[in-house]
Amino acid sequence: MLHTSRKAPGAGLPPRCRPLLAALLSAGLILPVQAAEPAARESAPAASAQRSYSIAAGPLAEVLNRFAAEAGIVLVFDAAQLKGLSSRGLVGRYDLAGGFRSLLAGTPFEAQPSASGGFVLRARPATAAQTDSSPPKQAEPQLPSVVVYAKPLPSVDSMDREMIRNLPAINGDITSQLKLNPNIQYSEGQLSSFTGGEIAPAEISIHGAKPYQNEMLIDGVSIANDLDPGNKITPTSPEFVPGAAQALAIDNSILCDVEVRDSNVSAEYGRFTGGVVDAKICAARKRLGGSVSVGYTSSDWTTLFVDDAKKAEFENSSSADYQPEFKKWTYKASVETRPREDWGLLLSVVRKQSDIPLNRFTTTNSGSTESHKVTQQRIQDTLVLKTDFAPAGSKHKGDVSVVYAPASSSYFIEDYRDSDYTIKSGGLNLSSRLESKYALATLSQQLSYSQTEQSRRSDADTYRNWRWSSDKNWGDATSGTNPTSGEGAWGDVDQRVQTINYKFKSAFKAIETAGIKHRFTSGIELSKQHAEYERLKDQTYYYTVANLPTTGAIARCQRSDGSYDTAACSATPTLRQGVGQYFRNQMIYHAGSFDVDAQSWAAYLEDESSWRNFILRGGLRLDRDSLTGDTNLAPRSRFNWQLSEPLNLELGANRYYGRNLFAYAMQEKVNTLKTTQTRNGTLTWGSVTSYKPLNRLEDIKTPFDDELSAGLSYDPNWLAGTMNLRFTRRDGRDQIVKRIKTGQADCNSNQCYIYTNDGGSLTKDVTLSWSSARAFKTGPAATRVWFAFNKSDVKSNYSTYADTYSTSQANDAIIKYDGEFIRYSEMPADNYNRPWTLRIGTLSSLPAHQLTISNILRIRDGYQQMLSNGTTDYQGTTVDVYEKTALPRSIALDTVFHWSPRVYRDQQLDIKLSIENITNRKNKISVSDTYATYERGRSFALEIGYVF
């Protein structure tokens, strides 16, 4: 908080400055406060004092804000006048005057000290000095005392453009770049040596919550998957399509800011129990410019650690679960223009592609004429178009953005021909935003539309596994006692959700009553969603193969009406039985569709009150969702007490309600599209048996987390940054799980899968973090540093809503774990649960060499993996036994060398070499009875581009 001397607001200002001051005050960017004591001015930074800076090139307004924040000064300027201007940044030791001269070189502006002790940005005079005949210089106007709310410097939970461009993340997705955040844990399988060819975004847990309970925002629009994100099914599922927590896989090259809100989250945000990842798309900065690049990595550039017991199966893999070979290419192109200061346009295109060659058959199958090698592909495209406008002198500014990000992943069913299928995901986001600044409040509105999918396309609409014969001869005749030849896939399924969303926010001008200053914020959010499930055409599954009689028409696959059954019958003698074969059962998944509509709304009101050294933010958020019929009230509160100049205490108590997924409702109807028929000793199918629902949606409540937090922040000058210590406790309640319920006459086989609120979790996190407020100068390098330590204890009685919840879990039964009898809910979580982590990041700039070197060191404590080990007796009752296996500590150092030599004027090469796990450490991530799984070793990725 910085102060200047006080006069009445606007007093002494030239008329042309008063509208600017009024706009800043009404927008809440600056607030009038009481006059500072004389000592405050004495403690202001001396103009002659030098300090080290490492500020990247960028838009002039952003660079000046960063300079003022690091220098600890008040700088007043009209950002609208600086649109379209850029600065080359600042690296090295400078006093204030030298810093301003360097930053403003080549611009029509200069920084002049004001009588209040701050600085004002003004246009340079037409001549270097006034002539004697010039009119006498007017007295320097005194600005009113202000509090400047500057954009926070990059930290472990807030990344700027420079961090995004330089910190390690070979796959280039948003979540992979959040490694510095101490409250984020990654899936243990994310870096597995078995699946190095995957390019899907990393799934993260925030404070123990499930990955699908995070809110992911791109320019204010959610990209979280509302369909079925927790379903990680295998290719053997005809009905369901696997999903992911993110509906859109966005490349991070289009982003300029990413902030993680993981505790004391404002009432403005909802639909999460974990946290909010809020990312912003870059706006155009140059009058005309752009870039092109190509990136590459492969299995040849990666060390894959594979257990000897698994090596032969891995190297001859026919499954996407084991990927011994892969090649990844990334192609990027962008163009931007800002023909006027008040209007800009950005277009960006990115394609990521991974080729994964695999064997089609689990054996050598040398006698088959089918193709033995099949290349699976993973493709992600990102097309972004963004335009922003801020007419000079207008109260309004806005932007319009289009994000089209389809993705596809091709697979096949091993040992089957004609079994190729493609999982389609991603979709489209359209958004328009308008911000209007009035005397009493700043009003923000956003209207958005999105369409995402989780679908499948297959090569075939039949699935059958023949016994091997000379007619059905593509399988391996030497495999097992009864060799087979399988063919087909599971048909075409579309799952889509369309969302129309409107947000309105009012940020009111600060008011003061009885010495207490209030800043009120209110808003509403309206959403309408339409989800649909459609099977595009009939799919037939033939099963239970039997021998044909040796005589009669049926031996030739001829029906009683004289026609021949070529789909489910073959007269050719099989290899082992020596007679023909036919299928006795068929299951038909009929073409059909159904849909689910949902409407939701939310309203919130928040007041941030400040008095002396105290700030209290209290708010309420009210949500209504038609999927559950719930109306939920979530209180939010945060209390800050400035104990001394460098020391601040923060306390919080909050409730966060999560999202409800369409999977809960849609899975109830999927099974009703299915019928079966049987036959025995004949080729005529019997009567049709229709299926009842396999799932049923009963009354469920919206899951929520209750949060208590306490923290201290310490920011003395000698520490060169803020040290934060925080404790966070999360109680997850009413979490959604799936149970089997028997004796249900309205369900198939008299049993139903029913979603209930029996899930729960308890998370305790202690985090210590520090982010440097300025760069440290060491020789020719200026280095920024981040440090974060986390101690975490996560207990959860379920994995995801998609897993079947056992009776023992539902009843919180006694189990034996690690030699002790405990309740099921007291078991540690089976993923995203490292007991402690240490993360250190550095970003070093060497301007003389146009080189940036960044590092992230992650040390993750070993954890206890749970293995089921039979049952035992407990007070006359049989209980399950689980043993824990200690896994060792994991250490990984990731490094990026980013070289940008200038070629001609503003044109430059852009070469980035990323090295993950540079020490090639062999980190174990899981064990089974027979083998261990390891993270990938040293991995190289190279990106070469040209910027103009």
Residue within region 65-81 that is under 26 Å from LEU288 (Cα atoms), in contact (Cβ under 8 Å) with a residue 40 or more places away in the chain, within 31 Å of the chain's Cα centre (by Cα) and not assigned by TED's automatic domain parsing to the domain that holds CYS256 present: yes
Top-ranked residue in region 399-437 [being of a type in the set (Gly, Ala, Ser) and at positive phi; ranked as surrounded by the most Cβ atoms within 10 Å (Cβ to Cβ)]: GLY426
Options GLY220, GLY275, GLY270; residue that is more than 25 Å from SER796 (Cα to Cα) and modelled with pLDDT of 95 or more: GLY220
Boolean, ILE588 is part of a strand (DSSP E or B) and assigned by TED's automatic domain parsing to the domain that holds ASP226: no
Residue tally, condition farther than 17 Å from VAL493 by Cβ, surrounded by 16 or more Cβ atoms within 10 Å (Cβ to Cβ) and of a type in the set (A, V, I, L, M, F, W, C), over region 523-545: 1
Those residues of region 322-339 which are in a strand (DSSP E or B) and either crowded, with 19+ Cβ neighbours inside 10 Å or modelled with pLDDT under 90 (or both), in sequence order: LYS328, THR330, LYS332, SER334, GLU336, ARG338
Count of residues meeting criterion [hydroxyl-bearing (Ser, Thr, Tyr) and assigned to a helix (DSSP H, G or I)] in region 837-870: 0
Failed condition for SER419, given (1) under 24 Å from GLN586 (Cα atoms); (2) hydroxyl-bearing (Ser, Thr, Tyr); (3) outside any loop (DSSP other than H, G, I, E, B): (3)
Breaking point among (1) modelled with pLDDT under 90; (2) aliphatic (A, V, I, L, M); (3) not in a loop (DSSP other than H, G, I, E, B), for ALA782: (1)
Enumeration of residues in region 515-530 that are of a type in the set (Gly, Ala, Ser) and over 20 Å from GLN445 (Cβ atoms): GLY515
LYS286, sole failed condition from (1) at pLDDT below 95; (2) buried (at least 19 other Cβ atoms within 10 Å of the Cβ): (2)
Criterion (over 24 Å from GLU453 (Cα atoms), without any contact (Cβ under 8 Å) to a residue 24 or more places away in the chain and of a type in the set (Gly, Ala, Ser)) met by exactly one of ALA567, ALA553, ALA510, ALA546: ALA553
Subset tally (residues that are among the aliphatic types (A, V, I, L, M), in a strand (DSSP E or B) and surrounded by 15 or more Cβ atoms within 10 Å (Cβ to Cβ)) for region 881-908: 4
In region 438-458, the residues that are under 30 Å from LYS537 (Cα atoms), in contact with a Phe, Trp or Tyr (Cβ under 8 Å, 6 or more places away or on another chain) and surrounded by fewer than 18 Cβ atoms within 10 Å (Cβ to Cβ): ARG457
Filter pass, ARG285 being in the same structural domain as SER432 (by TED's automatic domain parsing) and more than 25 Å from the chain's Cα centre (by Cα): yes
Any chance ALA279 is in a strand (DSSP E or B) and buried (at least 18 other Cβ atoms within 10 Å of the Cβ): yes
Residue match in region 708-722 (condition: assigned by TED's automatic domain parsing to the domain that holds ARG784, within 25 Å of the chain's Cα centre (by Cα) and either on the phi > 0 side of the Ramachandran plot or not aromatic (Phe, Trp, Tyr) (or both)): yes
Members of region 212-267 that are touching a Gly at 6+ places or on another chain (Cβ under 6 Å) and either of a type in the set (Gly, Ala, Ser) or in a helix (DSSP H, G or I) (or both): TYR212, GLN213, ASN252, ALA267
Residue match in region 929-943 (condition: among the aromatic types (Phe, Trp, Tyr), part of a loop (DSSP other than H, G, I, E, B) and either under 30 Å from ALA57 (Cα atoms) or touching a helix residue (DSSP H, G or I) at 6+ places or on another chain (Cβ under 9 Å) (or both)): yes
Filter pass, PRO201 being buried (at least 22 other Cβ atoms within 10 Å of the Cβ), in contact with a strand residue (DSSP E or B) (Cβ under 8 Å, 6 or more places away or on another chain) and free of Cβ contacts under 8 Å to residues at least 60 places away in the same chain: yes
The one condition in (1) on the phi > 0 side of the Ramachandran plot; (2) surrounded by fewer than 13 Cβ atoms within 10 Å (Cβ to Cβ); (3) of a type outside the set (Ser, Thr, Tyr) that CYS557 fails to fulfil: (2)
Residue among ASP706, ASP715, ASP699 that alone is at pLDDT 95 or above, surrounded by fewer than 19 Cβ atoms within 10 Å (Cβ to Cβ), farther than 30 Å from ALA553 by Cα and among the charged types (D, E, K, R): ASP706
Options THR763, THR742, THR778, THR767; residue that is touching an Asp or Glu at 6+ places or on another chain (Cβ under 8 Å) and assigned by TED's automatic domain parsing to the domain that holds LEU694: THR763
Unique residue being assigned to a strand (DSSP E or B) and under 19 Å from LYS352 (Cβ atoms) when the list is SER291, SER205: SER291
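Let's see how each residue does on (1) over 23 Å from the mean Cα position of the chain (by Cα); (2) buried (at least 17 other Cβ atoms within 10 Å of the Cβ):
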| position | (1), (2) |
| --- | --- |
| ARG730 | no, yes |
| CYS747 | yes, yes |
| GLN751 | yes, no |
| ILE754 | yes, yes |
| ASP758 | yes, yes |
| SER761 | no, yes |
| ASP765 | no, yes |
| ARG774 | yes, yes |
Only one of SER470, SER455 that is among the hydroxyl-bearing types (Ser, Thr, Tyr) and under 36 Å from the mean Cα position of the chain (by Cα): SER455
Qualifying residues in region 152-176 (those that are part of a helix (DSSP H, G or I) and of a type in the set (A, V, I, L, M)) - the one farthest from the chain's Cα centre (by Cα): MET163
Residue within region 735-747 that is small (Gly, Ala, Ser) and not in a strand (DSSP E or B) present: yes
Qualifying residue in region 442-458 (condition: touching a helix residue (DSSP H, G or I) at 6+ places or on another chain (Cβ under 9 Å) and either outside any loop (DSSP other than H, G, I, E, B) or closer than 30 Å to THR544 by Cβ (or both)): yes
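The values are calculated or read from the model by the stated rules, or taken from the named source; none is laboratory data. Fair warning: this is a prediction, and the values are worked out from it, not measured in the lab. Here Cβ is always computed from backbone atoms with ideal geometry, including for glycine, and neighbour counts include all displayed protein chains.
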